[in-house]
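Comments concern the structure below.
Just so you know, all these numbers are worked out from the coordinates, no wet-lab data involved. Since the structure is predicted, the reported quantities are computational estimates derived from the model, not experimental observations. Here the Cβ is made from the backbone with ideal geometry for all residues, glycine too, and neighbour counts use every protein chain on show.
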């Protein structure tokens, strides 16, 4: 399969809705097929979510691009990603920010993501294995936070790790359907924007959902 041609078609498909050239360039550069299971590689550039094992998914490319665009990265930020998954989103963030701190609670996913990211030569990504704690306090504050799983409410523990003026993108709602929020932290009153409906796996941890 010609993955480069498929990648180019994907970028062309999503570009009318994502008018951020840096985000599109990152998607055009990163080999998404390396982040999905071998049996799903032929679907890597379809605009659909894909299972990556252990009940987790990689989001559809349009949602990934939309969330990344909403962070308004300039290249100088330290970004926190909550939910490493397969590592694809971390790679995109690493192309657009100074550094990325990403957390994962499932050891096999964290290990597999690290192997792929290392093979691609990324040196500005830290992966931390966590349990119930959301985020990674020792490296805070962050200029941007991306949460790749859905919470029942905006976790105060994550807001506390966001710098003043920083942006956080997070799905909020029930376990099955959510709204995607962009939150800009301000000293007095945060700015909250609704980016539309979405569906993500539940965010497990303190200040979020309990394991079923």
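Of the conditions (1) under 19 Å from residue 160 (Cα atoms); (2) in a strand (DSSP E or B), residue 131 fails just one. Which one is it?
(2)
Looking at residue 206 and the list (1) closer than 17 Å to residue 85 by Cβ; (2) exposed (fewer than 14 other Cβ atoms within 10 Å of the Cβ), which single condition is not satisfied?
So residue 206 meets the others, but not (1).
Please determine, by comparing only the residues of segment 167-185 that are farther than 27 Å from residue 212 by Cα and in contact (Cβ under 8 Å) with a residue 60 or more places away in the chain, which one is surrounded by the fewest Cβ atoms within 10 Å (Cβ to Cβ). Break it down into steps so the answer makes sense when it comes.
The initial filter retains those residues of segment 167-185 that are farther than 27 Å from residue 212 by Cα, namely 167, 182-185.
Remaining after also requiring in contact (Cβ under 8 Å) with a residue 60 or more places away in the chain: 167, 182.
Numbers: 167: 23, 182: 19.
Filtering segment 167-185 for residues that are farther than 27 Å from residue 212 by Cα and in contact (Cβ under 8 Å) with a residue 60 or more places away in the chain, the one surrounded by the fewest Cβ atoms within 10 Å (Cβ to Cβ) comes out as 182.
Looking at segment 186-200, which of the residues that are surrounded by fewer than 19 Cβ atoms within 10 Å (Cβ to Cβ) and part of a loop (DSSP other than H, G, I, E, B) is farthest from the chain's Cα centre (by Cα)?
Once the filter is applied, the top-ranked residue is 188.
The conditions are (1) in contact with a strand residue (DSSP E or B) (Cβ under 9 Å, 6 or more places away or on another chain); (2) more than 16 Å from residue 135 (Cβ to Cβ); (3) in contact (Cβ under 8 Å) with a residue 40 or more places away in the chain; (4) surrounded by fewer than 23 Cβ atoms within 10 Å (Cβ to Cβ), and residue 114 fails exactly one of them. Which is it?
All conditions pass for residue 114, except number (3).
Looking at residue 128 and the list (1) more than 27 Å from residue 211 (Cα to Cα); (2) touching a helix residue (DSSP H, G or I) at 6+ places or on another chain (Cβ under 9 Å), which single condition is not satisfied?
(1) is the only condition that residue 128 fails.
Within segment 83-102, count every residue that is within 10 Å of the chain's Cα centre (by Cα) and closer than 12 Å to residue 122 by Cα.
Residues flagged as within 10 Å of the chain's Cα centre (by Cα) and closer than 12 Å to residue 122 by Cα within segment 83-102 amount to 6.
Can we say residue 138 is out of contact with any strand residue (DSSP E or B) (no Cβ under 6 Å at 6 or more places or on another chain), more than 30 Å from residue 28 (Cβ to Cβ) and surrounded by 20 or more Cβ atoms within 10 Å (Cβ to Cβ)? Can you show your working first?
Values: out of contact with any strand residue (DSSP E or B) (no Cβ under 6 Å at 6 or more places or on another chain): yes; more than 30 Å from residue 28 (Cβ to Cβ): yes; surrounded by 20 or more Cβ atoms within 10 Å (Cβ to Cβ): no.
For residue 138, the condition - out of contact with any strand residue (DSSP E or B) (no Cβ under 6 Å at 6 or more places or on another chain), more than 30 Å from residue 28 (Cβ to Cβ) and surrounded by 20 or more Cβ atoms within 10 Å (Cβ to Cβ) - is not met.
Can you list residue pairs whose Cβ atoms sit under 7 Å apart, with the first residue in segment 155-166 being closer than 16 Å to residue 139 by Cβ and the second being part of a helix (DSSP H, G or I)? Count only pairs 6 or more apart in sequence or on different chains.
161/137
Restricting the search to segment 1-48, which residues are in contact (Cβ under 8 Å) with a residue 40 or more places away in the chain, part of a loop (DSSP other than H, G, I, E, B) and surrounded by 13 or more Cβ atoms within 10 Å (Cβ to Cβ)?
18, 20, 30, 31, 36, 44, 45
Among 13, 42, which is the only one that is more than 26 Å from residue 74 (Cα to Cα) and more than 17 Å from the chain's Cα centre (by Cα)? Please lay out each step first, then the result.
On the way: 13 fails: more than 26 Å from residue 74 (Cα to Cα).
After applying the criteria, what remains is 42.
Residues of segment 61-105 being over 23 Å from residue 209 (Cβ atoms), crowded, with 24+ Cβ neighbours inside 10 Å and free of Cβ contacts under 8 Å to residues at least 40 places away in the same chain, which ones?
Scanning segment 61-105 gives a single hit, 100.
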